[in-house]
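Let me begin by presenting the structure, written as structure tokens, before commenting on it.
The values are calculated or read from the model by the stated rules, or taken from the named source; none is laboratory data. Keep in mind the model is a prediction, meaning the values are calculated, not measured. All Cβ positions, even for glycine, are placed from backbone atoms using ideal geometry, and neighbour counts span all protein chains on display.
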Amino acid sequence: MLERAKSKFLVKWYFILPAIIFFIIMIIFPMIWALRLSFFNWHAILGPKMNFIGLGNFYDILKDERFWEDLAFTLFYVGMVVIIELFLGLGLASLLNRKFRFRNFFRIIYLLPMTAPPIAVAALWRMFLQPDLGVINKLLVAVGLPLVKWTTDPGIARISLVIVDVWQWTPFMLLALLAALQSMPQEIYDAAVVDGASPGQTFLHITLPLLSPIITTLILLRAIDAFKLFEYTYGITGGGPAGKTESLSYYIYLRGLSYFDMGYASALSWVFLLIVLGICLFVLKIMRREMR
């Protein structure tokens, strides 16, 4: 019996060992290495010599105006896309949860944008949003409307990136919320109808409370993913105009892989990680309190 129990225990570890090794090599080791680099002044293009400066890189980040501007834009972007996608996804999920003709066809159509790689989506929307020869501006001119500076006006360029994200990732919200709606017990709604509840009251007092756990999870997942904004900035605006659409991820990329300031880029990465972690924990705490 002891040998059999020991054998079963080893078999379990044999199955999870590859995942543990992958996690250590691909996640834990790079994080520790980046933390180590953050305490050094190292410009990789100048050679392997690294100068230990302690917390110098982190102190420079506090004085870096570009960092604070990029952080402000990233927070704006995350807040906008999460709120818009949540409301659009909830509305579309409520519609597609009803029975009507061609319902399955519309479900497939709505999910298509999510299947494309973000960098391919960025290339597509760059052609759509091009200020002079873009598809959208040509359509506007054709109907007698003025041109819109989708990527060259600072304010509009930010909204353009939000539009692209909403177009691609609202289907994620739709898919999850639709699955949640379809799994809800019909008996509760039948009882509400018998009690004379209106559709609005049913939605506010039954559907939303039951959806609260999945909504919390979706907000956190989309916020974490949106914080990693890179492809749209890289492929559509290049951080312009005048750096107004430069995200923190893109700034880290520039400092590390364009300017080869690896120590400062590593410090930025860790600060970025702590900011995202802190915001997510704060949001999770607030939403848990609201659900009690």
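Restricting the search to segment 129-168, which residues are part of a helix (DSSP H, G or I) and among the small types (Gly, Ala, Ser)?
142, 155, 157, 160
Could you tell me whether segment 125-136 includes any residue that is within 30 Å of residue 238 (Cβ to Cβ), out of contact with any Phe, Trp or Tyr (no Cβ under 9 Å at 6 or more places or on another chain) and surrounded by 11 or more Cβ atoms within 10 Å (Cβ to Cβ)?
Within segment 125-136, one or more residues are within 30 Å of residue 238 (Cβ to Cβ), out of contact with any Phe, Trp or Tyr (no Cβ under 9 Å at 6 or more places or on another chain) and surrounded by 11 or more Cβ atoms within 10 Å (Cβ to Cβ).
Testing residue 190 on (1) of a type outside the set (S, T, N, Q); (2) surrounded by 14 or more Cβ atoms within 10 Å (Cβ to Cβ); (3) over 24 Å from the mean Cα position of the chain (by Cα), one condition comes back false. Which one is that?
Failed condition: (2).
Just to be sure, is residue 204 within 30 Å of residue 49 (Cβ to Cβ), without any contact (Cβ under 8 Å) to a residue 60 or more places away in the chain and surrounded by fewer than 20 Cβ atoms within 10 Å (Cβ to Cβ)?
No: the conditions fail for residue 204.
Given the residues 237, 217, which is the only one that is polar (S, T, N, Q) and surrounded by 20 or more Cβ atoms within 10 Å (Cβ to Cβ)?
Result: 237 is the single residue among 237, 217 that is polar (S, T, N, Q) and surrounded by 20 or more Cβ atoms within 10 Å (Cβ to Cβ).
Residue check, residue 246 against (1) within 15 Å of residue 60 (Cβ to Cβ); (2) not in a helix (DSSP H, G or I), all met but one. Which one?
(1)
Using the structure shown, decide if residue 118 is closer than 23 Å to residue 217 by Cα and touching a residue at least 12 places away in the same chain (Cβ under 8 Å).
When the stated conditions are applied, residue 118 passes them.
So which of 281, 274, 257 ends up being without any contact (Cβ under 8 Å) to a residue 24 or more places away in the chain, of a type in the set (A, V, I, L, M) and in contact with a helix residue (DSSP H, G or I) (Cβ under 9 Å, 6 or more places away or on another chain)?
Every option except 257 fails the conditions.
Here's a check for you: in segment 64-76, which residue that is among the charged types (D, E, K, R) and free of Cβ contacts under 8 Å to residues at least 24 places away in the same chain is surrounded by the fewest Cβ atoms within 10 Å (Cβ to Cβ)?
Ranking the qualifying residues of segment 64-76, first place goes to 65.
If you scan segment 121-157, which residues turn out to be acidic (Asp, Glu) and touching a residue at least 40 places away in the same chain (Cβ under 8 Å)?
Correct list: 153 only.
Among residues belonging to segment 48-63 that are closer than 14 Å to residue 268 by Cβ and not hydrophobic (A, V, I, L, M, F, W, C), point out the one that is surrounded by the most Cβ atoms within 10 Å (Cβ to Cβ).
Looking at residues that are closer than 14 Å to residue 268 by Cβ and not hydrophobic (A, V, I, L, M, F, W, C), I get 57.
Which residue, of 45, 27, is loosely packed, with under 13 Cβ neighbours inside 10 Å and within 22 Å of residue 226 (Cβ to Cβ)?
Residue meeting the stated conditions: 27.
Whether any residue in segment 156-171 is at pLDDT below 90, under 28 Å from residue 250 (Cβ atoms), of a type in the set (D, E, K, R) and touching a Leu at 6+ places or on another chain (Cβ under 9 Å) is what I want to check.
Looking for residues that are at pLDDT below 90, under 28 Å from residue 250 (Cβ atoms), of a type in the set (D, E, K, R) and touching a Leu at 6+ places or on another chain (Cβ under 9 Å), one finds none in segment 156-171, hence no.
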